[in-house]
Amino acid sequence: MTDRRRPAGLRPVWLAAGVLAVLVATTAGLAFGTVSLPPGSVAVEMLNLIPGVRLSSGLTEREVSILLQLRLPRVVLGLLVGAMLALAGAAYQGAFRNPLADPHLLGVAAGAGLGVTTVIVLGAHGATELPIGVPPAAFTGAILAVALTWLLGAAGGRERSPASLILAGVAVSAFLAAAQTYLLQRNVESLQQVYSWLLGRLATAGWHDVLLILPYTVITGVIVLTQRRELDVLAVGDAEATSLGLHPQRSRYLLIIAASLGTAAAVSVSGLIGFVGIIVPHTIRLLTGPSYRSLLPLSVLFGAAFLTLTDLLARTAGGDAEIPIGVVTAFLGAPFFILVLRTSRAVTT
């Protein structure tokens, strides 16, 4: 007889599939673009980054420069941002016990956006690199937003149902967006820089953005992934979780803070890229089941692969003009969100 309190762990076949997805997405992101490179040659050139390895890839000096100086930082950034957004979405859904929880729907992204806008407005106008204070400012805005959403979701003593939390998140997002608009109207010289950031992009001139968010993504990943068991216990309810020796509120707050940190770091360099936190975790649930022991690590892998491939689509589908990646994820995510909403309503009725 299977113990319902001990969900199945991560199966090796799914772990291998996630690693393969990352490798395929990375190779595709590096090989294809305005200038197409042979995937085999790209793989060989990546092997040359290993100390002591020196193989002939057949690429010209110009092609190697495009690969290592332009595409590789962008692909690595896409891997980090996709992993963080998917992991944060899964963590929010577990912490709130809400299948619709997502960094954007909870107002977290809007709060981070207001923080980033404030730093850009107060910083050097027209700078090509984001100021180092951007991630902390985004984190402050994200924590403020999620706290407001959590409080409004239970206003009047009501239970925090999925619908009430989503409505509270919409209200918080609207308020923070209004504050952001007011700030921009008072500082029109920053409008173009902030607007291009708001649409979502992974364009990078080098490794600056990657190094800027790397410490935050490592901290988030370590904290959330070590809470896999706690999330599985939280899923059975606070009363039973307490009887099993877990402190539900302490675990929930730790997860929310960590997920907000990861969201803020991702948003600070990529802009507002929506729906990754819903598409990836829910797809994995359909394939592998609800256990967070497999859901969280697979969200990291498939989230990284998903956003890297989405970025490839964004920079190639529009010809010479690059499509903002936030637009692409919205096209993909809106129908998926409607499906999840209908499914969750069917389960609760």
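Overview of values
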{"item": "Segment 104-122 residues that are on the phi > 0 side of the Ramachandran plot, paired with ones that are of a type in the set (Gly, Ala, Ser) and open to solvent by 10 Å² or more (accessible area, probe 1.4 Å) (beta carbon under 6 Å, 6 or more apart)", "result": "GLY107/SER173"}
{"item": "Condition check for GLY113: touching a helix residue (DSSP H, G or I) at 6+ places or on another chain (Cβ under 9 Å), of a type outside the set (Ser, Thr, Tyr) and either in a helix (DSSP H, G or I) or open to solvent by less than 10 Å² (accessible area, probe 1.4 Å) (or both)", "result": "yes"}
{"item": "Elements of type helices (runs of 4 or more DSSP H) contained in segment 228-345, each with 2 or more residues being within 21 Å of LEU100 (Cβ to Cβ) and open to solvent by less than 10 Å² (accessible area, probe 1.4 Å)", "result": "228-234, 248-270, 276-288, 292-316"}
{"item": "Lone qualifier among TYR253, TYR292 - being touching a helix residue (DSSP H, G or I) at 6+ places or on another chain (Cβ under 9 Å) and touching a residue at least 12 places away in the same chain (Cβ under 8 Å)", "result": "TYR292"}
{"item": "Those residues of segment 188-225 which are under 22 Å from THR118 (Cβ atoms), under 15 Å from the mean Cα position of the chain (by Cα) and of a type in the set (Gly, Ala, Ser), in sequence order", "result": "GLY200"}
{"item": "Selection status of THR316, farther than 28 Å from GLN192 by Cβ and of a type in the set (Ser, Thr, Tyr)", "result": "no"}
{"item": "Residue that is farthest from the chain's Cα centre (by Cα) [pool: residues in segment 36-62 that are under 19 Å from ARG315 (Cα atoms) and open to solvent by less than 40 Å² (accessible area, probe 1.4 Å)]", "result": "LEU37"}
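The values are calculated or read from the model by the stated rules, or taken from the named source; none is laboratory data. Note that the coordinates shown come from a computational prediction; the quantities given were computed from them, not determined experimentally. Cβ atoms come from the backbone with ideal geometry, glycine included; neighbour counts cover every protein chain shown. When the accessible area is computed, the model is the full protein with side chains, heavy atoms only, and any ligands, DNA or RNA have been set aside. Shrake-Rupley method; radii C 1.70, N 1.55, O 1.52, S 1.80 Å.
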